[in-house]
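This report concerns only the one structure given below.
All of the numbers you see were taken from the coordinates with simple rules; none came from a lab. It should be emphasised that the depicted structure is a prediction, and the values quoted were computed from it without experimental measurement. Heads up, the Cβs are rebuilt from the backbone with ideal geometry, glycines too, and the neighbour counts pull from every protein chain shown.
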Amino acid sequence: MADALPPVRIRAFRVADEAAAVALWRDCGLVRPWNDPHKDIARKLLVQPELFLVATVAHDGEDRLVGTAMAGYDGHRGSVYYLAVAPGHQRLALGRRLMAEVEERLLAMGCPKTNVLARTGNAQVLGFYDKLGYERHEAFSLGKRLIPDI
Ligand SMILES: CC(C)(COP(=O)(O)OP(=O)(O)OC[C@H]1O[C@@H](n2cnc3c(N)ncnc32)[C@H](O)[C@@H]1OP(=O)(O)O)[C@@H](O)C(=O)NCCC(=O)NCCS
């Protein structure tokens, strides 16, 4: 129901958002012991910072950060990390709006396809991506750490 939607603003991340963003990621279970989220932010601010988005809602005269999406385009595929919506604001279409904004920005850069990774322990998020038209790949996700954070 449109009336239930809070007035939301989606904009690029600012340095002043850092503490709220990291707190949100912790609330949403996205912080892993081997990743330092502050280092992740510092690195992102050096590469396509315009693709690091936050969603805010006005609360007591202040903008409160309630969502994030950290996207990138490598010239072949787009990717999205740290998609998060504050637990108290979930199921209000904020995740959909953040992803729509990411996709619009990636498309404007000529990105033909975007990929997301969902951890096997987070299978419940698949229903969300189904609704957004994301297809499941038959592929292994592999990674190699080049810079240890911790
Ligand atoms: C995943 C997440 C970002 C979704 O944000 P959200 O704002 O609650 O999602 P939306 O309200 O925009 O949902 C869009 C659609 O997906 C559906 N949906 C959302 N979460 C769902 C879920 N867990 N299972 C099934 N459907 C879901 C909604 O009902 C809605 O459907 P509709 O458009 O037909 O009404 C949020 O749940 C979250 O932050 N989770 C914790 C962090 C996380 O797992 N991030 C993703 C890492 S890959």
Picking from Pro112, Phe140, Ala84, whose Cα lies most toward the positive end of the charge dipole for region 73-150 (charges on Cβ: Lys, Arg +1; Asp, Glu -1)? Ala84
Could you check the simple spin-label distance between Ile10 and Ala23, using points 7 Å along Cα→Cβ, in nm with one decimal? 2.4 nm
Which helices, taking whole DSSP H runs in the chain, have alpha carbons extending 15 angstrom or more along the helix axis plus mean Kyte-Doolittle at least -0.5? 94-108
Among GluC sites (Glu not before Pro) in region 69-131, those in a DSSP loop whose Cβ has at most 13 other Cβ atoms within 10 Å are none
With Asp130 itself left out, Lys, Arg at +1 and Asp, Glu at -1 over residues whose Cβ is under 14 Å from its Cβ give +2
State, as an integer percentage, the relative contact order of the chain based on alpha-carbon contacts under 8 Å between residues 6 or more apart. 24 percent
GNM flexibility winner over the chain from Gln48, Gln90, Gln124 (Cα, springs under 10 Å): Gln124
Residues whose built amide H sits under 5 Å from the amide H of Gly78, excluding neighbours closer than 5 in sequence, are Lys113, Thr114, Asn115
Enumerate the lysines that Lys144 could reach by cross-link, defined here as Cα to Cα under 25 Å, with residues fewer than 8 away along the same chain left out. Lys39, Lys44, Lys113
